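Heads up: the structure comes next, in structure tokens.
The values are calculated or read from the model by the stated rules, or taken from the named source; none is laboratory data. Fair warning: this is a prediction, and the values are worked out from it, not measured in the lab. Cβ atoms come from the backbone with ideal geometry, glycine included; neighbour counts cover every protein chain shown.
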Amino acid sequence: MSSRLSPRLAAGRLDGRQRGGELDGLVIEGEEWYIEMSPVMIKIVFSSHAKLQLTEREISEREVLETVRKPTNIIQQPNGRFQALKIKERKGEKYLLIVIYDERQSIKEIITAFYTSKIKKYL
């Protein structure tokens, strides 16, 4: 983890800026995102490609973080990347949010995310 972390974050505890609601365990430290994934804190980094795709596809960072933290399923791809899958309701219909990410040490780099109506194909 970054040396810029507060002592509480470095120790793996949530500080007073924890956000509740749908995504308990979300910590924002400046411009950096962290999620508590017991027993450690995981740093989440959004690639520039992911940021562009999220904007174009109208997917919030919060939706991505929720999917990575509490997926319906995780699939490891042959190239070593992971797919976090979560069934969500959007515009009154059920969709599957797919988040592709790389994982190394305690960092998850979000590569892209997209919704699909083809739930059975992926689950």
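One table, with the values for the structure above:
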| item | result |
| --- | --- |
| Complete set of residues in the stretch 96-115 that are aliphatic (A, V, I, L, M) and either at pLDDT 95 or above or in contact with a helix residue (DSSP H, G or I) (Cβ under 9 Å, 6 or more places away or on another chain) (or both) | Leu96, Leu97, Ile98, Val99, Ile100, Ile110, Ile111, Ala113 |
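A quick yes/no check of all residues on (1) surrounded by 16 or more Cβ atoms within 10 Å (Cβ to Cβ); (2) farther than 14 Å from Phe114 by Cβ:
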position	(1), (2)
Glu66	yes, yes
Glu89	no, yes
Leu97	yes, no
Ile100	yes, no
